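The block underneath contains the structure these notes are about, expressed in structure tokens.
Derivation of every value follows stated rules applied to the coordinates shown; laboratory data play no part. None of the values given here were measured: they were computed from a predicted structure. When we count neighbours, we look across all protein chains shown, and the Cβ atoms used for this are built from the backbone with ideal geometry, even at glycine.
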Amino acid sequence: MKTVLIVEDDLINARVFAKILSKRGGLGVKHTENVEEVMKIAQAGEIDLILMDVSLSHSVYQGKSVDGIKITQMLKSDPQTANLPIILVTAHAMEGDRENFLNQSGADSYISKPVIDHQLFIDQIMALLPPA
């Protein structure tokens with residue numbers, strides 16, 4: 001079973017995503033907003049894709065506040081995790097944000113919140129999952 005790591009500080013959003021992914025997508029799900037855990041899980045190869053919230057209000061790494069863009073940059077610059085697909089998830093869906101966020105972070109895709117079309121959400125994730 002493919003597994004998705006949800007990096008999200010809003011528990012309600014995390015639960016909604018987890019339910020859609022497991023029920024509709026048949027995917028395994030892990031959730032954390034702890035940056036050390038994200039790095040450890042990714043480096044251990046326990047997951048196939050990351051859903052990364054852009055605005056993480058509580059996430060700190062090595063004493064500094066970090067957001068989803070920074071965590072994505074760290075993962076993409078690490079040879080162990082560089083090929084792990086990362087989808088940014090954000091409510092900041094202004095014109096031009098998508099390209100800016102993708103260019104800044106090196107992420108593979110972008111989904112805006114709220115997620116209304118559950119099938120489209122699953123399709124976007126499935127498109128980036130590595131083949132079995």
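Using a ≥ b ≥ c from the Cα gyration tensor of the chain (square roots of the eigenvalues), is it rounded, prolate or oblate, where a/c under 1.5 gives rounded and otherwise the larger of a/b and b/c decides, a/b for prolate? Rounded, because the longest to shortest axis ratio a/c is under 1.5. Placing unit charges on each Cβ (+1 for Lys and Arg, -1 for Asp and Glu) gives the chain a dipole about its Cα centre, and among 38, 61, 1 the Cα reaching farthest toward its positive end belongs to 1. Report summary: the helix-based calculation at 222 nm, which adds -39500 (n - 2.57) for every DSSP H run with n ≥ 4 and divides by the residues of the chain, gives -10500 deg cm²/dmol. What does the charge count around residue 125 come to, taking other residues whose C-beta lies under 13 Å from its C-beta (Lys +1, Arg +1, Asp -1, Glu -1)? Cβ neighbours under 13 Å give a net charge of -2. Between residue 3 and residue 30, the contour length at 0.36 nm per residue exceeds the Cα-Cα span by 9.0 nm. Across region 11-128, the mean sequence separation of Cα contacts (distance under 8 Å, 6 or more residues apart), normalised by length, yields a relative contact order of 23 percent.
Evaluated at q = 0.15, 0.18, 0.20, 0.25 Å⁻¹, a Debye calculation over the C-alpha positions of region 72-132 (equal weights, vacuum) places log10 I(q)/I(0) at -0.49, -0.69, -0.83, -1.11. Computed from label points 7 Å out along Cα-Cβ, the spacing between residue 22 and residue 40 is 2.2 nm. Of all lysines in the structure, the ones whose alpha carbon falls short of 26 Å from that of residue 2, not counting any fewer than 8 places away in one chain, are 19, 23, 30, 40, 70, 76, 113. Ordering 16, 79, 26 by Cα displacement along the dipole of region 7-123 toward the positive end leaves 26 in first place; charges were set at the Cβ atoms of Lys, Arg (+1) and Asp, Glu (-1).
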